[in-house]
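The values are calculated or read from the model by the stated rules, or taken from the named source; none is laboratory data. Keep in mind that this is a model prediction, so the values were computed, not measured. Here Cβ is always computed from backbone atoms with ideal geometry, including for glycine, and neighbour counts include all displayed protein chains. Ligands, DNA and RNA are stripped out before the accessible areas are found, and what is left, the full protein with its side chains, is counted by its heavy atoms. Shrake-Rupley method; radii C 1.70, N 1.55, O 1.52, S 1.80 Å.
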Amino acid sequence: MTTPTETSTYRTLPLGSDLKLRRRYMVVDEEIPGNFRFGLLLEELDILAEQTALGYVRRFHPEGKVVTAAIDNIMVRHVVDVTRDIVLYARINHVGRSSLEIGIRVEQPAAASKDPHSADSLHIASCYFTMVARGGPAAGESIPLPPLEYPGELEQRRAAKAVAGREEYRQQQASLLAPPSLEEYEMLDRLHRAQEDPAFAGLRAGRLVTDAWERMYPEQEYVPQRIFGGYLIRRAYELSAICSEQVAANRSIIAAVNRINFFHPVRIGDKLHFTSRVVFTSESFVCVEAGIERISRDRTVSALSNSCLFTFVNVDRELNHQPVPPVYPATYREDARYLEAYRSYQALAGHYRMI
């Protein structure tokens, strides 16, 4: 049997020495803290998770494929320095019947140290990807996998955490559908009453929306007849970052990826409708919900391909937090989005340590 340690892989993004790559990862052509394209990192993380999972799957199914099913919470713990290398460490934490959880740690080694785990290294984030092994015609069938062996206490703890995380996610999804508590009802009622004032000049949630259309071409094929998921989430993130700027008047940078779900595969020829909405704000934080709707080439199929929830923080040039105004939902659907983001934010609020 295989242990998690034997599945370990890593990749280095040489931003410190590769000036062309560094420029690609910059948001603006200025020397300011946090000048980093996080969407590109999401794409790299998805590639590494896919390669790590595929290495295991093909030990038993040489023609097997893997697809991304979900990305769990990603907490950004430190602002990325675009002038320093980034190292991505990945390993398989748990293998289910046909699914794999890939844990990836993102670090920036100290500039003068060859040891990536030295005391001066920055822990940027930890990420957890759920991948599913596929086979059969057009890689459309789940294929069984043998389990990992967990000889050490740390490996056992990580495997248990992966199983617990799935159960926690199911419970969270159930809680999101629960009706508002009395406190939540009163919160929504205050927001609605404020809009009845003739002098109301607040930000209505229904107006804080951005969208874009895009067609998928053969050059974007990854798994046979399917489009690379990392590209889709990068595009969703970039549009959401732009959307957040409608509320974040100073500078909007990522604080957390609350959750990304992959519901339906995107195929060559599909048209995609990306929609991002500011759904909730608190203090200096802005929650943006993004959805990707796919419309088949023959226009007979329309389905939600991905749903994402990102949390941004409004900062000044020196990364000091700056307040953002409240947003006001007006319809039942806007209330539901607001409440879902509010609950997700409350669950993550105690972990924000990035600045």
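Here is how the numbers come out for the structure above:
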| read-out | value |
| --- | --- |
| Size of the range 1-81 as Cα extents on the principal axes (Å, biggest first) | 49, 27, 22 |
| At 0.692 mPa s and 37 °C, Stokes D of the chain from Kirkwood alpha-carbon radius, µm² per second | 152 |
| Cα-projected label distance for E30 with D18, points at 7 Å along beta-carbon direction, nm | 2.7 |
| Within the chain: Cβ-based charge dipole about Cα centre, in debye rounded to nearest 20 (Lys, Arg +1; Asp, Glu -1) | 760 |
| Probe 1.4 Å, protein heavy atoms only - accessible area per residue of the range 1-108 in square angstrom | 43 |
| Extended-chain gain in nm, criterion 0.36 nm per residue less alpha-carbon gap, T83 and E318 | 82.9 nm |
| Enclosed volume per residue, in Å³, of the convex hull spanned by Cα atoms of the range 291-355 | 148 |
| Degrees between helix 332-348 axis and first principal axis of the chain (Cα, 0 to 90, nearest 10) | 60 |
| Portion, in percent, of the accessible area of the chain that falls on carbon or sulfur, probe 1.4 Å | 51 |
| Chain lengthening between H264 and L203 when straightened (0.36 nm per residue, less Cα-Cα) | 18.6 nm |
| Calculated from backbone phi, Karplus (6.51, -1.76, 1.60) coupling profile of the range 8-13 in Hz, x at Gly/Pro | 5, 9, 8, 9, 10, 9 |
| R259 long-range amide H proximity, modeled H, under 5 Å | L309 |
| Cα-based equivalent ellipsoid of the range 1-160: semi-axis lengths in Å, sorted from largest, via gyration tensor | 31, 18, 13 |
| Cross-link partners of K20 among aspartates and glutamates (Cα-Cα below 16 Å; sequence separation of 8 or more within a chain) | D29, E30, E31, D81, D85 |
| Förster-model FRET efficiency, 30 Å R0, Q220 and E6, C-beta, rounded to 0.05 | 0.35 |
| Contour excess over end-to-end distance, with Cα ends at R190 and R97 and 0.36 nm allotted per residue | 28.7 nm |
| Where a label projected 7 Å from the Cα of Q346 along Cα→Cβ would reach, residues of the range 230-274 with amide N under 20 Å | 256-259 |
| Angle between the chain longest axis and helix 38-57 axis [Cα atoms, degrees, rounded to 10] | 30 |
| DSSP loop chymotrypsin sites (Phe, Trp or Tyr not before Pro) with at most 15 other Cβ within 10 Å: longest gap in the chain | 61-199 |
| Qualifying GluC sites (Glu not before Pro) for the range 248-355 [loop in DSSP, other Cβ within 10 Å: at most 15] | E283, E318 |
| E63-E283 FRET efficiency (beta carbon distance; Förster radius 51 Å; 0.05 resolution) | 0.50 |
